């Protein structure tokens, strides 16, 4: 019997947040391309060294604490305790004031020591600038969590988009102006990092604006109010909030490890400082690829949580299993196709986006991360949906420690290729740990082996076609065609051609039902195509 999946089952609020998350993820990935083109590889290195601190602040104020605050508020509202809901949010605000201040002081006053660990003392003032973003943690988290707890997701969504938009505009405008003035790349980086402050302030203004529109008693009226059970609220924020934050910070934490030791390891291994900075900047080109590759996985993770949670609370184990299988199938397809496609097209794509093909091999290996990170995000969503929020955090912490050790072992011998390899290895280990845990929770074979065979066939067909295109690309380059315009044609053309070949072979393999196909990007179009390439009698 065909399984039924309908987009109507998605909660309206979850969809609003999903759209906002997709927009912000795309903005966060795309702006890096013009920014790198403006400041070059060394300028990109400078910015990327400090960026993980902003990523941590964003995870705390968007994915971690607001989730827990929203649960606290929702629990009070279920008891028809409106004042209790406000007290919970305000008590959380006071906790976050302490948390934000601790983070700010640790990063600001520890900036010199952190820059020393990174092997580049010139980064100290940049780290101090980014530390200011932690001071915006209390209003952002408390207001977002309060609205989400009342099932009003619009303020959170608008504030996220406003934050990222103002930040990106600030980064690009400051970069153009400062580079045009002939300022040092470190000064340019400081100006770009100021975007984290303008973006955060814009988000706070948006949230206050929504609060001003409400006819109810303003949340700020009791800003210094402590709930009677404040200790239990603070304990829950510390434990549960941290666990969810760690799960949301997977890629940021890996970037942070790279910031801490890749450049230092390169220079200590005998590489000249300017060359090490350039190669670290080239290595960081891989970050936008992974971020864009994870956009769909992020969407799946955000939308699967309410579905799995609802089924789990209703003790419908078979439905939990169905939703889990559906999300895993889509994540595997998207992650595998994106990783393999980028690996095949990495030379022209690298040239199209970053002006030359430097480090294409390193970035190609790094792109394998897309596959594993897609799975990890989906697994984390499933575990969160069934209330197992600590296990993904434990796995990610183990993976981060492995990443640090892997860099220490591999970077001195293999340079930035070693950093790529250590990232892939750590993500693979995290994935394996989560697979084993999920099998313990659901002791069945989640996906049929025929699915993987069809997936491999689809990948092989796509690779054959794309390698043919790459052979033609090299021939045209050798014939004297201009490199960057040619790379644009072959990159975009390769994505469309490779994606079409992959999907046609996959659909002919009859491993997805029409309902499941509908959840893929452009799902309705693939369903229509299914009728043309596969007999009706063979459809599931």
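The values are calculated or read from the model by the stated rules, or taken from the named source; none is laboratory data. Note that the structure is a prediction, hence the values are computed from the model and not measured. A quick note on method: Cβ atoms are made from the backbone with ideal geometry, for glycine too, and the neighbour counts reach across all protein chains shown.
Scanning segment 318-352 for residues that are free of Cβ contacts under 8 Å to residues at least 12 places away in the same chain and more than 23 Å from residue 377 (Cβ to Cβ) gives a single hit, 318. When segment 464-514 is filtered for residues that are outside any helix (DSSP H, G or I) and in contact with a helix residue (DSSP H, G or I) (Cβ under 6 Å, 6 or more places away or on another chain), the ones remaining, listed by number, are 509, 510, 511.
Do we find that residue 409 is within 22 Å of the chain's Cα centre (by Cα) and either surrounded by 14 or more Cβ atoms within 10 Å (Cβ to Cβ) or without any contact (Cβ under 8 Å) to a residue 24 or more places away in the chain (or both) in this structure? Walk me through how you get there before you give the answer.
Working: within 22 Å of the chain's Cα centre (by Cα): no; either surrounded by 14 or more Cβ atoms within 10 Å (Cβ to Cβ) or without any contact (Cβ under 8 Å) to a residue 24 or more places away in the chain (or both): yes.
For residue 409, the condition - within 22 Å of the chain's Cα centre (by Cα) and either surrounded by 14 or more Cβ atoms within 10 Å (Cβ to Cβ) or without any contact (Cβ under 8 Å) to a residue 24 or more places away in the chain (or both) - is not met.
Look at (1) surrounded by fewer than 23 Cβ atoms within 10 Å (Cβ to Cβ); (2) modelled with pLDDT of 85 or more; (3) in contact with a helix residue (DSSP H, G or I) (Cβ under 7 Å, 6 or more places away or on another chain) and you find that residue 151 fails only one, number (2). Within segment 415-463, if we keep just the residues that are touching a helix residue (DSSP H, G or I) at 6+ places or on another chain (Cβ under 7 Å) and without any contact (Cβ under 8 Å) to a residue 24 or more places away in the chain, the residue that is nearest to residue 271 (Cα to Cα) turns out to be 418. Restricting 107, 129, 102 to those that are within 30 Å of residue 408 (Cα to Cα), under 26 Å from the mean Cα position of the chain (by Cα) and without any contact (Cβ under 8 Å) to a residue 12 or more places away in the chain reduces the list to 102. Among the residues of segment 244-259, just one is modelled with pLDDT of 90 or more and farther than 14 Å from residue 426 by Cβ, namely 259.
Can you name every residue in segment 492-509 that is under 16 Å from residue 454 (Cα atoms) and either touching a residue at least 24 places away in the same chain (Cβ under 8 Å) or touching a strand residue (DSSP E or B) at 6+ places or on another chain (Cβ under 7 Å) (or both)? I'd like the intermediate steps shown before the answer.
Taking segment 492-509 and keeping what is under 16 Å from residue 454 (Cα atoms), we get 498-509.
Correct list: 498, 499, 501, 502, 503, 504, 505, 506, 507, 508, 509.
Does residue 382 satisfy the condition of being crowded, with 23+ Cβ neighbours inside 10 Å, more than 30 Å from residue 261 (Cα to Cα) and touching a residue at least 24 places away in the same chain (Cβ under 8 Å)? Spell out how you get there, then give the answer.
Details: crowded, with 23+ Cβ neighbours inside 10 Å: yes; more than 30 Å from residue 261 (Cα to Cα): yes; touching a residue at least 24 places away in the same chain (Cβ under 8 Å): yes.
So residue 382 fits the description; yes.
Which of the residues that make up segment 177-189 are more than 9 Å from residue 46 (Cβ to Cβ) and either in contact (Cβ under 8 Å) with a residue 12 or more places away in the chain or assigned to a helix (DSSP H, G or I) (or both)? Matches in segment 177-189: 177, 178, 179, 180, 187. So, residue 470, is that one touching a residue at least 12 places away in the same chain (Cβ under 8 Å) and either over 22 Å from residue 354 (Cα atoms) or more than 30 Å from the chain's Cα centre (by Cα) (or both) or not? Considered against the rule, which asks whether it is touching a residue at least 12 places away in the same chain (Cβ under 8 Å) and either over 22 Å from residue 354 (Cα atoms) or more than 30 Å from the chain's Cα centre (by Cα) (or both), residue 470 comes out as no.
Select, from 331, 310, 299, 339, the only residue that is farther than 20 Å from residue 465 by Cβ and modelled with pLDDT of 75 or more.
331
Filtered by the rule that a residue be surrounded by fewer than 16 Cβ atoms within 10 Å (Cβ to Cβ) and farther than 30 Å from residue 93 by Cβ, segment 184-209 gives a lone residue, 184. Only one entry in 422, 426 is modelled with pLDDT of 95 or more, assigned to a helix (DSSP H, G or I) and more than 22 Å from residue 344 (Cα to Cα), namely 426.
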